[in-house]
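Peer 1: Here you go, one structure.
The values are calculated or read from the model by the stated rules, or taken from the named source; none is laboratory data. Please read these numbers as outputs of a predicted model, since none were measured by experiment. We place every Cβ from the backbone using ideal geometry, glycine too, and count neighbours over all the protein chains shown.
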């Protein structure tokens, strides 16, 4: 049976790339498996619409995932749900579903009028033990676990505990009120928003989404597919960008533009000293042989070709400085400069977002400006991410 709404009208308004619990930053280490518990999670969409569906994920699960009940509504501060906004989520008409191991599942659409930049509350009840939780690590929006089935609770109960990851939710999609397209940003921790204020939507893709929403037309929604610690070529913290590109980017409903903001970790890890020093434990999370500048460029060319095959525009950011961070080496800096030179002049992209130029200290160009980093000389603070978002020419997405 064909839905009365053309599938092309669905546009992804929010995303979080799925990861295995042992392939992230370790926020679930030591956490007991979820069982007979409700997860309540808050997120901010980019663009609005009149219907919504939620993509749940068991893509790294080792057994079927049972969702006993689920609801979506407009979020109130402190974990509450705005009165009158709660909508029961069903799956092929049923309130309960078993999601096969290795698979995602889309909820049925529900009518819910959503303005741009609305904050949603999504609750799901897990009646059975979840041994392996597909997640996104970390979550920059606070979520909670609540004993038992509390899906319909309008306010957060006193026995709620903080949820350390984004769990079992990978996307929110809407039927827009006007023609809209999605801008998908593929990146690492700087895209993910590391160093920004939690619960404030201060990553640069979030801030870009706010600028696009304020502009209005043409409608462009933003899906943040950053993974902290991610690399272009090799797995480690999350699957490599090349490996997850089809799932996280090309399969996006309403896809119109791709922004590639990755490659810095490939270079930093490849040129870091592996001599048993202070980075030894950290570097163990990044398997695979060191890569070269040419390897990284070849990886970018693959993503460009795969984007062009789908008829979407593809842009890239230059790699911002990171001298002063533990991972920095002179060899890695030379490689960063070489990759950036190719990004700027190689002609591979529809446009280049020169984030290196925005963040570098004029007096010390291999470092981030002091007022733009979070204290580690690697990640941005709110002001730094705002500067990146403000530097983007919105007409690129027309």
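Peer 1: Would you call residue 220 free of Cβ contacts under 8 Å to residues at least 60 places away in the same chain, within 26 Å of residue 55 (Cα to Cα) and either assigned by TED's automatic domain parsing to the domain that holds residue 353 or assigned to a helix (DSSP H, G or I) (or both)?
Peer 2: Judged against the criteria, residue 220 is not a match.
Peer 1: Just checking, does the range 256-279 include any residue being surrounded by fewer than 24 Cβ atoms within 10 Å (Cβ to Cβ), within 23 Å of residue 393 (Cα to Cα) and modelled with pLDDT of 95 or more?
Peer 2: Yes, the range 256-279 contains a residue that is surrounded by fewer than 24 Cβ atoms within 10 Å (Cβ to Cβ), within 23 Å of residue 393 (Cα to Cα) and modelled with pLDDT of 95 or more.
Peer 1: Another question, then. How about the range 21-40: which of its residues are over 17 Å from residue 61 (Cβ atoms) and not in a loop (DSSP other than H, G, I, E, B)?
Peer 2: Result: 38, 40.
Peer 1: Yes or no: residue 208 over 26 Å from residue 394 (Cα atoms) and in contact with a helix residue (DSSP H, G or I) (Cβ under 6 Å, 6 or more places away or on another chain)?
Peer 2: No: the conditions fail for residue 208.
Peer 1: Taking only the range 133-148 into account, find how many residues are part of a strand (DSSP E or B) and buried (at least 19 other Cβ atoms within 10 Å of the Cβ). Walk me through how you get there before you give the answer.
Peer 2: Pass one, the range 133-148, residues part of a strand (DSSP E or B): 135-136, 143-147.
Add one more test, that the residue is buried (at least 19 other Cβ atoms within 10 Å of the Cβ), and what stays is 135-136, 143-146.
Here the count works out to 6.
Peer 1: Still on this structure, I have one more. Suppose we filter 397, 349, 355 for residues that are touching a residue at least 12 places away in the same chain (Cβ under 8 Å) and farther than 22 Å from residue 227 by Cβ; which single one remains?
Peer 2: Step by step, each of 397, 349, 355 is checked, and only 397 is touching a residue at least 12 places away in the same chain (Cβ under 8 Å) and farther than 22 Å from residue 227 by Cβ.
Peer 1: Another one. Having 1 or more residues that are out of contact with any helix residue (DSSP H, G or I) (no Cβ under 9 Å at 6 or more places or on another chain), over 17 Å from residue 339 (Cα atoms) and assigned by TED's automatic domain parsing to the domain that holds residue 222 is the bar; report the helices (runs of 4 or more DSSP H) wholly within the range 236-305 that clear it.
Peer 2: Per the criteria, 241-245, 280-283.
Peer 1: While we're looking at this one, here's another question. Part of a loop (DSSP other than H, G, I, E, B), out of contact with any helix residue (DSSP H, G or I) (no Cβ under 6 Å at 6 or more places or on another chain), at pLDDT below 95 and surrounded by 21 or more Cβ atoms within 10 Å (Cβ to Cβ): does that describe residue 178?
Peer 2: Values: part of a loop (DSSP other than H, G, I, E, B): yes; out of contact with any helix residue (DSSP H, G or I) (no Cβ under 6 Å at 6 or more places or on another chain): yes; at pLDDT below 95: yes; surrounded by 21 or more Cβ atoms within 10 Å (Cβ to Cβ): no.
Criteria not met by residue 178.
Peer 1: Keeping to the range 181-211, report how many residues are crowded, with 24+ Cβ neighbours inside 10 Å and either part of a helix (DSSP H, G or I) or in the same structural domain as residue 115 (by TED's automatic domain parsing) (or both).
Peer 2: Number satisfying all stated conditions: 7.
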